[in-house]
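One structure below.
The values are calculated or read from the model by the stated rules, or taken from the named source; none is laboratory data. Predicted, not measured: the structure shown is a model, and the values here were computed from it. Heads up, the Cβs are rebuilt from the backbone with ideal geometry, glycines too, and the neighbour counts pull from every protein chain shown.
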Amino acid sequence: MWTQHDLPQLSVVPIPLHPEKQVSRGYNQAELIAQQFSQLTGMRCHPHLLQRPKATQAQHGLRLTERQTNLRSAFTIDRPKLCPHPIVIVDDIYTTGATIQAATECCIANGYTVWGSLIVAQ
């Protein structure tokens, strides 16, 4: 289906959870979505490209500027250029765009081309 379109080779990168949040929840919904999307499209999924070493406050209830401040330096990339293709960042919910913006800025600062984002709900 996806391969019938003349699109560049892309890699799929989910928004990570902080390790403590991942353990308490037991799963990362953005990673599950990214993996399914990868299976449907044939794109390679890189679930560990982005890391979230900073435990941030929950975003719900915060205003846009508070969300942006909360996510400042929340993401890192341990292995620059892990994937050679432009990336699509995947998250479950889009409210103000602060999470996608912070992740995109981190990826670009580390030499990646961000082709876009895939969000399931708003």
Yes/no for Thr96 being modelled with pLDDT of 80 or more, in contact with a Leu (Cβ under 6 Å, 6 or more places away or on another chain) and of a type in the set (Ser, Thr, Tyr): yes
Test: residue in region 22-40 that is among the hydroxyl-bearing types (Ser, Thr, Tyr), assigned to a loop (DSSP other than H, G, I, E, B) and modelled with pLDDT of 90 or more: yes
Residues of region 41-56 satisfying the condition of being within 12 Å of Ile89 (Cα to Cα) and modelled with pLDDT under 90: none
